[in-house]
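I have placed the structure first, in the form of structure tokens, so that the comments after it can refer back to it.
The values are calculated or read from the model by the stated rules, or taken from the named source; none is laboratory data. Being a predicted model, the structure only gives us computed values, none of them experimental. Note that we place each Cβ from the backbone using ideal geometry, even for glycine, and neighbour counts take in every protein chain shown. Accessible surface is based on the protein model in full, side chains and every heavy atom, while ligands, DNA and RNA are left aside. Shrake-Rupley method; radii C 1.70, N 1.55, O 1.52, S 1.80 Å.
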Amino acid sequence: MTPSKRQPPPFAYAIQGEDLWRWRQQAMQDAITYDIPVSEVDRFLQALTPLTRLDLRLNSFKTSASIQLIISMDDLNARWYQRVVDRVPLQYVVGHTHWRDFQISVSPAVLIPRPETELLIDLAIAATESSSLMRQGHWVDLGTGSGAIAIGLATAFPYATIHGVDCSEAALAIAQKNIHDNSALHDGHSDDQSEASQTGNIPLFERIHLHQGSWFSPWHTSHAKSGVAAAFASVRPGGANRQFSGIVSNPPYIPSNMVLDLQPEVTHHEPHLALDGGSDGLDCLRYLISQASTYLVPNGIFLLEMMAGQAETVAQLINHHGDYHSTAIYSDLAGIDRFVLTRCK
């Protein structure tokens with residue numbers, strides 16, 4: 001099915017500007033009382049009204065006879081209560097978040113994509129600058145969740161076919177929605193416009209394929225009857241499974257005993273399946289390192305995200321494995337070593 005262009009939200013309700021101004025003043029006090037960033041009040045209102053950040057900053061809406069709302073005031077109050085009292089993340093309350101230049105739908109079925117994860121796409125772009133072949137072929141986002149990384153890769157590499165894998169059916173439903181919602185807005189856009197002009201503007205939803213399974217399981221022999229494994233019969237330059245130009249993953253990496261001590265927004269609302277990385281946080285990372293070289297083409301890119309303090313250990317695990325070369329650690333914008341990039345021999 002071809003997705004239609006995203007329609008503006010239906011503003012089915014309205015409130016007088018002065019009444020909304022009073023609501024905002026009380027919500028800001030609530031935020032202070034419950035130790036929530038006051039800036040979230042305006043982000044909340046921007047998501048549910050046509051008001052801009054400047055409108056809210058200048059209070060220019062106060063004298064308006066009518067301000068449109070996507071939801072009723074009762075629903076607005078109920079959702080704000082969820083945020084301040086129940087500590088539901090704002091992104092879940094409004095149903096979406098912005099990531100790179102995409103609007104990504106989210107629910108408690110998926111981890112909320114973080115700004116630092118955006119750098120995975122930039123690192124993949126930089127790592128392929130000297131090899132256009134690596135920007136083609138097949139890439140995979142393991143543990144795709146909301147599909148944000150897969151969408152970012154597909155937009156950056158318009159020649160590539162992107163695969164997103166997740167064991168959660170509910171997560172894949174969210175990812176599918178995001179692929180379709182963003183397809184019309186981003187088809188033909190690329191960080192390399194010369195590449196994009198030659199792709200025939202193949203839509204994102206035709207270049208991103210979602211698979212339910214655990215890590216590499218969709219490409220195990222047992223899946224051959226489903227057609228997933230057979231689909232790569234003509235793109236296996238290095239052996240039976242070596243088909244991917246790049247493998248990217250932001251896997252669970254938080255030690256089990258830390259998951260329950262995180263902020264309540266995370267501990268009580270985000271899926272533990274996407275957070276818990278085992279006793280030392282490295283279970284999933286170890287497994288991916290042990291398996292990725294089996295699926296990468298020679299010199300293929302393997303790119304991982306992890307938490308602060310894990311990068312040196314992950315780099316050592318990669319180097320001790322013996323199937324990789326040119327391993328490098330990269331920091332996020334806060335200077336935290338968060339990413340490891342290596343290549344397959």
Contacts under 7 angstrom Cβ, first residue in the stretch 70-82 being more than 16 Å from G95 (Cα to Cα), partner open to solvent by less than 70 Å² (accessible area, probe 1.4 Å), 6 or more apart
M73/I15
Does the stretch 326-335 contain any residue that is in contact with a helix residue (DSSP H, G or I) (Cβ under 6 Å, 6 or more places away or on another chain) and polar (S, T, N, Q)?
yes
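Report whether or not A274 is within 21 Å of the chain's Cα centre (by Cα), in contact (Cβ under 8 Å) with a residue 40 or more places away in the chain, open to solvent by less than 10 Å² (accessible area, probe 1.4 Å) and within 27 Å of L172 (Cβ to Cβ). Don't jump to the end; show me each part of the working.
On the way: within 21 Å of the chain's Cα centre (by Cα): yes; in contact (Cβ under 8 Å) with a residue 40 or more places away in the chain: yes; open to solvent by less than 10 Å² (accessible area, probe 1.4 Å): no; within 27 Å of L172 (Cβ to Cβ): yes.
So A274 fails the test.
Limited to the stretch 23-46, what total is found for residues that are outside any helix (DSSP H, G or I) and open to solvent by less than 80 Å² (accessible area, probe 1.4 Å)? Break it down stepwise before answering.
Taking the stretch 23-46 and keeping what is outside any helix (DSSP H, G or I), we get 34-38.
In the following step, the residues that additionally are open to solvent by less than 80 Å² (accessible area, probe 1.4 Å) were identified as 36-38.
Adding up the residues that qualify gives 3.
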Give the residues of the stretch 129-140 that are open to solvent by 30 Å² or more (accessible area, probe 1.4 Å) and among the hydrophobic types (A, V, I, L, M, F, W, C), sorted by residue number.
L133
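Only residues that are charged (D, E, K, R) and either open to solvent by less than 30 Å² (accessible area, probe 1.4 Å) or within 17 Å of A124 (Cβ to Cβ) (or both): list them for the stretch 307-342, please. Lay out the reasoning, then the answer.
Initially, the stretch 307-342 is screened for residues charged (D, E, K, R), giving 312, 323, 332, 337-338.
Listed by number, the residues that qualify are D332, R338.
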Checking P264 against (1) under 30 Å from D35 (Cα atoms); (2) crowded, with 17+ Cβ neighbours inside 10 Å: exactly one of these is not met. Which one?
(2)
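Does V248 fit the bill of being assigned to a strand (DSSP E or B) and modelled with pLDDT of 65 or more? Don't jump to the end; show me each part of the working.
Working: assigned to a strand (DSSP E or B): yes; modelled with pLDDT of 65 or more: yes.
Considered against the rule, which asks whether it is assigned to a strand (DSSP E or B) and modelled with pLDDT of 65 or more, V248 comes out as yes.
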On the basis of being more than 17 Å from R338 (Cβ to Cβ) and assigned to a strand (DSSP E or B), does G278 make the cut?
no
Cβ-Cβ distance below 9 Å, separation of 6 or more or different chains: which pairs start in the stretch 155-180 with a residue that is within 10 Å of A109 (Cα to Cα) and end on one that is among the aliphatic types (A, V, I, L, M) and open to solvent by 40 Å² or more (accessible area, probe 1.4 Å)?
S168/L273; A171/L111; A171/L273; L172/L210
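Hey, any hits in the stretch 287-297 for a residue that's in contact (Cβ under 8 Å) with a residue 24 or more places away in the chain, in a strand (DSSP E or B) and touching a strand residue (DSSP E or B) at 6+ places or on another chain (Cβ under 7 Å)? Don't jump to the end; show me each part of the working.
We begin by selecting, within the stretch 287-297, every residue in contact (Cβ under 8 Å) with a residue 24 or more places away in the chain; these are 287-297.
With the extra rule that they be in a strand (DSSP E or B), the set shrinks to 296-297.
From the residues that got through so far, the ones that are touching a strand residue (DSSP E or B) at 6+ places or on another chain (Cβ under 7 Å) too are 296-297.
Scanning the stretch 287-297, I find at least one residue that is in contact (Cβ under 8 Å) with a residue 24 or more places away in the chain, in a strand (DSSP E or B) and touching a strand residue (DSSP E or B) at 6+ places or on another chain (Cβ under 7 Å), so the answer is yes.
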Could you give every pair whose Cβ atoms fall below 7 Å, whose first residue belongs to the stretch 322-342 and is at positive phi, and whose second residue is surrounded by 15 or more Cβ atoms within 10 Å (Cβ to Cβ), counting only separations of at least 6 or pairs across chains?
S326/T342; S326/R343
Quick one: would you say G238 is among the small types (G, A, S) and at pLDDT 95 or above?
no
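Could you check, for the stretch 159-179, whether at least one of its residues is of a type in the set (S, T, N, Q), in a strand (DSSP E or B) and open to solvent by 10 Å² or more (accessible area, probe 1.4 Å)?
Yes: one or more hits.
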Restricting attention to the stretch 25-44, which residues are under 19 Å from Q103 (Cα atoms) and touching a residue at least 24 places away in the same chain (Cβ under 8 Å)?
E40, R43, F44
